[in-house]
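J.: Take this structure, written in structure tokens, and hold onto it; I'll ask about it next.
Quick note: the coordinates plus some simple rules give every number you see, no bench work behind them. A quick note: this is a predicted structure, and the numbers were derived from the prediction, not measured. Quick reminder, even Gly has a Cβ in these numbers, built from the backbone with ideal geometry, and neighbours come from all protein chains shown.
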Amino acid sequence: MAPADPRGFALARARLTSFDRQFGADVRVQRPDRYRLLDALPADEPRIARGGGVSYVAASFGADATTLDMRAFDRLLAFDARTGLLCVEAGASVGDVQRFLLARGWYLPVAPGHPRATIGGCIAADVHGKNPARDGTFRALVEELQLHVPGRGLLSLDAQHEAALFDATIGGFGLTGTITRATLRLARPPRAIALRRMPVDDLAQAARVLREAANAHLLYGWHDGRPEHFGRGVIRVGLSDDEAAPRDYAPSAREDLPAAIAPLPVSLWSRSGIALANTWLSRRWCSPGLEPIALTRALFPLNDARRYFAGYGKAGLVELQWLVPHPRFEAFAAALGECVARERPRIALISSKSFDGVARGFAFDGKGVALALHLPSPMQPTQRAFCERVAELAIEHGGRPNPIKDSTLDASVMRRAFSGFDAMREALAAHNRSGCFGSEMTRRLGL
């Protein structure tokens with residue numbers, strides 16, 4: 001039973017850990033199940049909202065903040081099957097929402113890979129999906145928001161009403177208020193998906209394939225990170241297959257990847273483990289071909305990755321993710337390859353995606369190619385030095401980091417990566433004048 005706080009609202013104590021296992025803290029947790037309970041906290045109480053708890057980088061808790069567990073707010077409030085509009089509470093998971101919509105001929109074209117991410121978290125992080133070059137980021141789906149702001153109550157926001165607050169909330173990391181619900185614009189799903197495998201020899205070739213296939217429903221790459229095979233891999237292109245039979249769009253929720261994955265006692269991602277895994281993946285994935293795939297499986301590839309994440313062990317992983325402009329990408333990829341050959345880091349996986357959006361604030365968007373590098377933890381000095389060198393190279397080539405994925409980022413890197421850092425931070429802080437909203441991530445990044 002939650003203890004009674006002397007200020008009059010119920011709190012629990014919990015140990016929360018980031019998905020990458022790099023951060024943990026004992027925190028106060030409030031689990032509201034009525035909107036009025038959001039006003040139970042004093043207006044100056046430090047706080048941050050939490051949804052599915054699958055943030056890589058401790059974006060939903062902090063040692064000095066009360067965590068608002070929003071999972072009780074998970075209702076679908078209104079659905080218009082004619083216009084494709086859905087009003088949903090912020091605590092609903094994208095897996096549940098997608099299952100509901102796909103059964104009715106609609107879907108969210110932008111969704112993160114983890115099905116337990118919540119709608120509120122997708123908005124606060126402005127996440128991307130399986131082809132941001134085609135579909136943009138989650139911002140493109142948001143028609144209207146409801147936001148709870150201490151002292152102001154529940155506010156309705158859209159592009160015309162409270163437009164500055166609306167714009168800042170999407171990709172604002174929860175610093176502008178607590179998102180309680182949203183109205184989203186949906187899309188029609190493809191009848192079926194045929195996944196084309198296009199092998200590539202290096203990252204430069206991958207970038208060209210990504211640009212050429214930009215209109216595909218799904219578009220992402222896997223690459224080997226070992227020095228002797230660096231960049232070799234496959235681009236997976238999801239094409240609409242109108243001649244195929246419709247796929248089953250309603251898998252069981254029990255198939256979803258859990259929010260917290262029990263780690264193996266030891267890490268599998270030694271150099272020999274990485275070599276074995278990459279050899280197996282190259283044989284399985286890196287031959288040309290075309291195969292049908294259920295859309296739900298393509299949307300949530302992490303559902304097939306339990307063993308992958310468990311294999312990092314108790315120390316977890318670190319993900320570096322940078323978006324480099326198209327004109328600079330090949331030079332960046334070449335410099336990165338030289339760095340890998342020289343320093344020989346342990347890289348378990350590299351993935352690639354193409355973007356064709358507009359860089360706004362600190363959100364992860366723009367025009368270019370994004371690379372995500374997974375490295376096993378603990379971060380020995382050589383691994384940490386490699387991470388620092390990747391940041392240097394990316395910044396030299398105009399790269400933009402992903403704050404919600406990379407736990408190695410700090411305020412000094414952010415300041416160098418974003419030329420207008422101070423002005424952007426002040427613009428965001430203007431909606432958090434009391435300073436009551438904040439997380440371990442925003443503290444570390446100097447936001």
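J.: Against the longest alpha carbon principal axis of the chain, how many degrees, from 0 to 90 and to the nearest 10, is the axis of helix 381-396 turned?
T.: 90 degrees
J.: Sticking with this one: Please report the orientation-averaged projected area of segment 7-87, defined via the convex hull of its C-alpha atoms, in nm².
T.: 6.7 nm²
J.: Tell me the volume per residue, in Å³, of the convex hull enclosing the alpha carbons of segment 1-149.
T.: Cα-based convex hull of segment 1-149, divided per residue, equals 122 Å³.
J.: I need the fraction of alpha carbon pairs in segment 148-296 separated by more than 20 Å, rounded to a whole percent.
T.: 69 percent
J.: Here is a follow-up. Report the equivalent ellipsoid semi-axes for segment 336-399 in whole Å, largest first, defined as the square roots of five times the eigenvalues of the gyration tensor built from alpha carbon atoms.
T.: Here the semi-axes work out to 24, 12, 12 Å.
J.: Then there's this: Report, in deg cm²/dmol and to the nearest 500, the calculated mean residue ellipticity at 222 nm for the chain, where each DSSP H run with n ≥ 4 adds -39500 (n - 2.57) and the sum is divided by the residue count.
T.: So the calculated ellipticity at 222 nm is -7500 deg cm²/dmol.
J.: Considering Cα pairs under 8 angstrom that are at least six residues apart, work out the relative contact order of the chain and quote it in whole percent.
T.: Dividing the mean separation by the residue count of the chain yields 17 percent.
J.: Quote the charge dipole size of the chain about the Cα centre in Debye, to the nearest 20; the model charges only the Cβ of Lys and Arg (+1) and of Asp and Glu (-1).
T.: The calculated dipole for the chain is roughly 760 debye.
J.: Please tell me the relative contact order of segment 76-188 in percent, rounded to the nearest whole number, where contacts are Cα pairs under 8 Å and at least six residues apart.
T.: Relative CO of segment 76-188 lands at 31 percent.
J.: Taking the alpha-carbon set of segment 193-409, what are its Rg and Dmax in Å?
T.: For segment 193-409, the Cα-based Rg and Dmax read 17.3, 54 Å.
J.: Using the Karplus curve 6.51 cos²θ - 1.76 cosθ + 1.60 with θ = phi - 60°, what ³J(HN,Hα) values do you get for each residue of segment 182-188, in whole Hz, with x for Gly and Pro?
T.: Here the 3J(HN,Hα) series is 8, 9, 10, 8, 9, 9, 7 Hz.
J.: Could you give the C-alpha radius of gyration of segment 76-188 expressed as a fraction of 2.2 N^0.38 Å, taking N as the number of residues it contains?
T.: Rg over 2.2 N^0.38 Å, computed on Cα atoms: 0.99.
J.: Now for a separate question. Can you spot the lysines whose alpha carbon is less than 22 Å from Lys353's alpha carbon? Ignore those fewer than 8 places along the same chain.
T.: Within reach: Lys130, Lys367, Lys405.
J.: In Å, what is the Rg of the alpha-carbon atoms in segment 62-122, and how long is Dmax?
T.: Here Rg and the maximum Cα pair distance are 13.0, 46 Å.
J.: Taking 8 Å as the Cα distance limit and 6 or more residues as the minimum spacing, I'd like the relative contact order of segment 261-365 as a percentage.
T.: Once divided by the residue count of segment 261-365, the mean separation gives 41 percent.
J.: Next question, about the same structure. Output ³J(HN,Hα) for segment 421-430: one whole-Hz value per residue in order, computed from phi by the Karplus curve 6.51 cos²θ - 1.76 cosθ + 1.60 with θ = phi - 60°, and x for Gly and Pro.
T.: With coefficients 6.51, -1.76 and 1.60, one gets 3, 4, 5, 5, 5, 5, 4, 6, 5, 4 Hz.
J.: Next question. Considering the chain, what Rg and Dmax in Å follow from its alpha-carbon atoms?
T.: For the chain, the Cα radius of gyration and maximum Cα-Cα distance read 21.2, 65 Å.
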